[in-house]
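Encoded as structure tokens, here's the structure I'll be asking about.
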Amino acid sequence: MSAASRGTVRVRNGGVVALGALPPLEPDEFRAVCGVALTAGGRLVALPAFALGTDDGRDVFAVIANDDESELTVTRTRLARGAGFDALTPEFPEAQAFERELFEDHGIIPVGHPWLKPLRQAHLKTDAAQHTFFSVDGDGIHEVAVGPVHAGVIEPGHFRFQCAGEDVLHLEIHLGYQHRGAERLLVLGSPARRIAVAESIAGDTAVGHALAYAHVIESLAGVRPPLAAQTIRGLALELERVANHVGDLGALANDVAFLPAAAWFGRLRGEFLNLLMALSGNRYGRGLVVTGGVRFGLPSDMRQAFTAKLAETEADLRATAETLFSSPSVSSRFEQTGVVSDATAEDLGLVGVVARASHVARDARRDHPIGIYRFVHIPLALAETGDVMARAVVRWIEVQRSLTFLREQIAELAEGPLRTPSTAADSFAPDSLAVALIEGWRGEIAHVAATNGSGDLRGYKVVDPSFHNWFGLAMALRDNAISDFPLCNKSFNLSYAGHDL
Amino acid sequence: MLDILQARWRQGFRTVLLPVTQDAFPDRFRGRPIIDSTKCVDGCRACVDACPTGAITITAPAPATAPATATAPVSTSAPANRVTLDLGKCIFCPACVEACPTGAITYTRDHRLAARTRDDLRITNAEAPKIAALDAAMRKLLGRALRLRQVSAGGCNGCEAELVALGNVVFDMSRFGIQFVASPRHADGIVITGPVTHNMRQALIETYEATPAPRIVIAVGACAISQGAFASESGPVSGIPPEIPVDLFIPGCPPHPLTVLDGLLRMLGRNES
Ligand code: SF4
Ligand code: SF4
């Protein structure tokens, strides 16, 4: 924790802010401090509001990442329901969803927000039809509405396209169908319940969210997991990344009807899930992460089996990727489709694969290393074209780099204890706030938790990478044919549940 | 083209042949738990307290032949507790197994978990839940095909991903005539995942109503069966509404694809072979 300008505190990823050292600023001052930090190259990571107990007041925190310095700036203000500040969104579009969330969940008014509509319909039991949608008027303009129930086996969301013929002028993505009240349970649940909820924020990111959860809790409890546990966590996170990226490459192949690669990637994804299952007992790595460490290790016979399986699978994977990327029919569908420019990606604060495919170099493993990533670096994968092809290529490069990491870390795995005593992580520093960033396979996962004066959790905020990236998908569709929507959508593959919480 | 054929050759044949035994799963796989109440220590509630979803209940043993009296010493072989584990609530975290001081709850690698009634999911011993096939008239109506419409109603994409995996070359459920279809109008039934959020309740009911009767309803995953990790008194989820009667419950968080396949096939009265 280091002092910065008045009313702000700077911490590293996994750091704890003593709230006594962070007096609330006046709303205007808070707005100004955020503006300065964002203008100076900062990036909005979270904008949580936590209740103050009995009265109507909220503590609003801004967590802004300074990627170049590997630091997070935290600042706070205090607002009552119905009060507000000048919206950040007109100047910093990356704040758009955060401010809509503040408005919806806490009645705080970002004055001058251009589209202040509830983000999740979390407090209304109404259906989509009763909401206002952005619409385009003019000759030959037509509207296409899809969802919430889609044709495939996927999560629900509603999409409104404004089209001129085949061309999409605007896409509005209307979510909230998956809202389950996860953050509330992360405050009120027993420790065993909380980690189960964290693993279920987005079921394809069970390891990523469990790790973010474990890090904030460990920070608040002052617990440090043993080194062997940190390595196992890294192995699981990279296995999760590889499984999902491989699955996505298969889904992309499927959407352009390149069925051989779709079938093979589909099978290969399973090989990585099976390794996660061998490690944790569950195909998605559930049950592996505990606060204070991990439940399971990798004894030497398993290490050998893992190494052999990885080598065999990697060879099959290379052959399949070769087939995919050398097919002209695939290239002609992937290239120039769903382009997101680097400027748009920056403006919207996109994260993860999607940002890196638009040549925006951000990766929490590099910029804000935590756990094993403090000691072992995985080179960042970047592409320039911002299209479906770029998003596919970034995934494939990341698969290869994660496989290298897995190979090396399995070979070097240190023996040693896997967890600290189980109750050590149950009592927390009072009046504190902890932040953890994990680079999940989709991108940056942020968890923020705060305690009250008696050391009980009083607020918990989850930011799934999808929260940043859904608007990127809407922008990718502009001036594309509506028939390319499925392909663009797959190339983002965002989480509905992770967004809706 | 030649390259593709070559790559195809290298991929080989990958489909899992049924039936599978426990050896198909790794040692740590958490399949069906088994309970041995004779190992319980009197008055112990460690598993109940550890469980995140309230899946475990303990009752005193039912009076055997004669009610125990204060003077009659309790026979050492009589269980002090009777542990009931609700597979419909269980998310297969290992908390109870870790908490139990005597190893009264253990996992097997048995993937077969499905049942036709909610009650059959409440297990008290080492036996798998029983499961009956659909009646003959319904089976005749379905013939050799089962077409299902999936509705995710707050599912985290864990259960959904495993249902998608059923279509891949490894699990290949279409070899049994089972398929997911795009429209409820084309479906013989629906598969529900997720704890049924307030915001999906209406869409779920409408999808169910759009499916022609007689229709089969299958609840997949702890969330759909009991709201799983999201069960709460006042949260924005409320479970499958009573007007949608469930014909098949498939526990897990998420269930392994083979668990789902096993449930479907046994409901259809087909031997796994
Ligand atoms: S394994 Fe199932 S019954 Fe046991 S504690 Fe976990 S959820 Fe509860
Ligand atoms: S049962 Fe588990 S995997 Fe399935 S939707 Fe619920 S939380 Fe996700």
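The values are calculated or read from the model by the stated rules, or taken from the named source; none is laboratory data. Quick caveat, the model's predicted, so the values are computed rather than measured. A quick note on method: Cβ atoms are made from the backbone with ideal geometry, for glycine too, and the neighbour counts reach across all protein chains shown.
In contact with a Gly (Cβ under 8 Å, 6 or more places away or on another chain), of a type in the set (A, V, I, L, M) and within 12 Å of ligand 2 (Cβ to nearest atom): is that true of B:V217 in this structure?
no
Taking A:P23 and the conditions (1) surrounded by fewer than 22 Cβ atoms within 10 Å (Cβ to Cβ); (2) under 22 Å from A:F467 (Cβ atoms), which numbered condition does it fall short on, given that it satisfies the others?
If we test A:P23 against (1) surrounded by fewer than 22 Cβ atoms within 10 Å (Cβ to Cβ); (2) under 22 Å from A:F467 (Cβ atoms), just (2) comes out false.
For the stretch B:146-165, give me each residue that is more than 19 Å from A:A196 (Cα to Cα) and more than 7 Å from chain A (Cβ to nearest Cβ).
B:L146, B:R147, B:L148, B:R149
In the stretch A:175-198, is there at least one residue being away from chain B (no Cβ under 14 Å) and assigned to a helix (DSSP H, G or I)?
Among the residues of the stretch A:175-198, not one is away from chain B (no Cβ under 14 Å) and assigned to a helix (DSSP H, G or I), which makes the answer no.
OK, next. Residues that are under 20 Å from A:L237 (Cβ atoms), at least 1 per element: which helices (runs of 4 or more DSSP H) completely within the stretch A:305-373 meet that?
A:352-357, A:364-367
May I ask you to list the residues in the stretch A:448-477 that are under 21 Å from the mean Cα position of the chain (by Cα) and either within 19 Å of A:S200 (Cβ to Cβ) or in the same structural domain as A:A210 (by TED's automatic domain parsing) (or both)?
A:V448, A:A449, A:A450, A:G459, A:Y460, A:K461, A:V462, A:V463, A:D464, A:P465, A:S466, A:F467
Search the stretch B:4-39 for residues being assigned to a loop (DSSP other than H, G, I, E, B) and among the charged types (D, E, K, R), and hand back the single one that is nearest to A:G297 (Cα to Cα).
Among those residues, the one meeting the criterion is B:R28.
Given the conditions (1) surrounded by 19 or more Cβ atoms within 10 Å (Cβ to Cβ); (2) within 16 Å of ligand 1 (Cβ to nearest atom); (3) within 14 Å of another protein chain (Cβ to nearest Cβ), and given that B:E98 satisfies all but one, which numbered condition is not satisfied?
The one condition B:E98 does not meet is (1).
Could you check how many residues of the stretch B:187-204 are within 10 Å of B:V151 (Cβ to Cβ) and either away from ligand 2 (no atom under 15 Å from the Cβ) or of a type in the set (A, V, I, L, M, F, W, C) (or both)?
7
So B:N168 ticks every box in (1) part of a loop (DSSP other than H, G, I, E, B); (2) more than 16 Å from ligand 1 (Cβ to nearest atom); (3) farther than 21 Å from B:R14 by Cα; (4) within 12 Å of chain A (Cβ to nearest Cβ) but one. Which box is left unticked?
Among (1) part of a loop (DSSP other than H, G, I, E, B); (2) more than 16 Å from ligand 1 (Cβ to nearest atom); (3) farther than 21 Å from B:R14 by Cα; (4) within 12 Å of chain A (Cβ to nearest Cβ), the lone unmet condition for B:N168 is (3).
Let me ask something additional. Out of all the residues in the stretch B:256-269, is one or more away from ligand 2 (no atom under 16 Å from the Cβ), part of a loop (DSSP other than H, G, I, E, B) and touching a residue at least 12 places away in the same chain (Cβ under 8 Å)?
Taking every residue of the stretch B:256-269 in turn, at least one turns out to be away from ligand 2 (no atom under 16 Å from the Cβ), part of a loop (DSSP other than H, G, I, E, B) and touching a residue at least 12 places away in the same chain (Cβ under 8 Å).
Against the condition without any contact (Cβ under 8 Å) to a residue 60 or more places away in the chain, more than 21 Å from A:F405 (Cα to Cα) and among the polar types (S, T, N, Q), how does A:Q304 come out, does it pass? Steps first, please.
Numbers: without any contact (Cβ under 8 Å) to a residue 60 or more places away in the chain: yes; more than 21 Å from A:F405 (Cα to Cα): no; among the polar types (S, T, N, Q): yes.
The answer is no for A:Q304.
Among the residues of the stretch A:57-74, which ones are hydroxyl-bearing (S, T, Y) and surrounded by fewer than 24 Cβ atoms within 10 Å (Cβ to Cβ)? If you could, list the steps in order and put the result at the bottom.
So in the stretch A:57-74, the residues hydroxyl-bearing (S, T, Y) come out as A:70, A:73.
Residue satisfying the conditions is A:S70 alone.
Per-residue answers, yes or no, for (1) in contact with a Phe, Trp or Tyr (Cβ under 8 Å, 6 or more places away or on another chain); (2) under 18 Å from A:L501 (Cα atoms); (3) assigned to a helix (DSSP H, G or I):
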site: A:H447; (1), (2), (3): yes, yes, no
site: A:S454; (1), (2), (3): no, no, no
site: A:G459; (1), (2), (3): yes, yes, no
site: A:V462; (1), (2), (3): no, yes, no
site: A:H468; (1), (2), (3): no, yes, yes
site: A:F471; (1), (2), (3): no, yes, yes
site: A:A476; (1), (2), (3): yes, no, yes
site: A:C488; (1), (2), (3): no, no, yes
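What are the pairs, 6+ residues apart or on separate chains, where a residue within the stretch A:382-411 that is assigned by TED's automatic domain parsing to the domain that holds A:D342 and among the aromatic types (F, W, Y) has its Cβ under 7 Å from a residue that is surrounded by 18 or more Cβ atoms within 10 Å (Cβ to Cβ) and part of a helix (DSSP H, G or I)?
Matching pairs, first to second residue: A:W396/A:L249; A:W396/A:A321; A:F405/A:E238.
Give the stretch A:170-203 a look and list any residue that's buried (at least 24 other Cβ atoms within 10 Å of the Cβ) and acidic (D, E), or say none.
Selection gives A:E199 alone.
Can you work out which of the residues in the stretch B:171-201 that are facing another protein chain (nearest Cβ under 7 Å) and over 20 Å from B:S232 (Cα atoms) is modelled with the lowest pLDDT? Steps first, please.
Within the stretch B:171-201, the subset facing another protein chain (nearest Cβ under 7 Å) is B:180, B:182, B:195, B:197-200.
This time we only want the ones that are over 20 Å from B:S232 (Cα atoms), so: B:180, B:182.
Numbers: B:F180: 93, B:A182: 90.
Among residues in the stretch B:171-201 that are facing another protein chain (nearest Cβ under 7 Å) and over 20 Å from B:S232 (Cα atoms), the one modelled with the lowest pLDDT is B:A182.
Let me ask another. For the stretch A:59-77, give me the residue count where each residue is among the charged types (D, E, K, R) and out of contact with any Lys or Arg (no Cβ under 7 Å at 6 or more places or on another chain).
3
For the stretch B:40-57, give me each residue that is in a helix (DSSP H, G or I) and exposed (fewer than 15 other Cβ atoms within 10 Å of the Cβ).
B:D49
If you don't mind, there's one more thing I want to ask. What number of residues in the stretch A:255-268 are within 8 Å of chain B (Cβ to nearest Cβ) and within 14 Å of B:V164 (Cα to Cα)?
Narrowing the stretch A:255-268 to residues within 8 Å of chain B (Cβ to nearest Cβ): A:260, A:263-264, A:266-267.
After this cut, where a residue has to be within 14 Å of B:V164 (Cα to Cα) as well, the list is A:263, A:266-267.
Summing the residues that are within 8 Å of chain B (Cβ to nearest Cβ) and within 14 Å of B:V164 (Cα to Cα) in the stretch A:255-268 gives 3.
In addition: Of all residues being in contact with a Leu (Cβ under 7 Å, 6 or more places away or on another chain) and among the hydrophobic types (A, V, I, L, M, F, W, C) in the stretch A:294-310, which is farthest from A:L227 (Cα to Cα)? Just the residue, please.
A:L310
I would also like to ask the following. Any idea which residue in the stretch A:199-217 is nearest to the other protein chains (Cβ to nearest Cβ), counting only those that are in a helix (DSSP H, G or I) and hydrophobic (A, V, I, L, M, F, W, C)?
By that ranking, first place goes to A:A206.
Give me the residue from the stretch B:25-39 that is crowded, with 19+ Cβ neighbours inside 10 Å and of a type in the set (K, R) and, out of that set, nearest to ligand 2 (Cβ to nearest atom).
Once the filter is applied, the top-ranked residue is B:R30.
Same structure again: Considering each of B:D188, B:D135 in turn, give the residue that is more than 16 Å from ligand 1 (Cβ to nearest atom), without any contact (Cβ under 8 Å) to a residue 24 or more places away in the chain and not hydrophobic (A, V, I, L, M, F, W, C).
B:D135
I would also like to ask the following. Answer yes if at least one residue in the stretch A:286-299 is surrounded by 24 or more Cβ atoms within 10 Å (Cβ to Cβ), in a helix (DSSP H, G or I) and among the charged types (D, E, K, R), and no otherwise.
The answer is no, given that none of the residues of the stretch A:286-299 is surrounded by 24 or more Cβ atoms within 10 Å (Cβ to Cβ), in a helix (DSSP H, G or I) and among the charged types (D, E, K, R).
Go through (1) in the same structural domain as A:L275 (by TED's automatic domain parsing); (2) in a helix (DSSP H, G or I); (3) in contact (Cβ under 8 Å) with a residue 40 or more places away in the chain; (4) within 29 Å of A:V256 (Cα to Cα) for A:W441 and report which single condition fails.
(2)
Moving on to the next point. Which of (1) more than 10 Å from every other protein chain (Cβ to nearest Cβ); (2) crowded, with 24+ Cβ neighbours inside 10 Å is the odd one out, the single condition A:T307 does not satisfy?
Exception for A:T307: condition (2).
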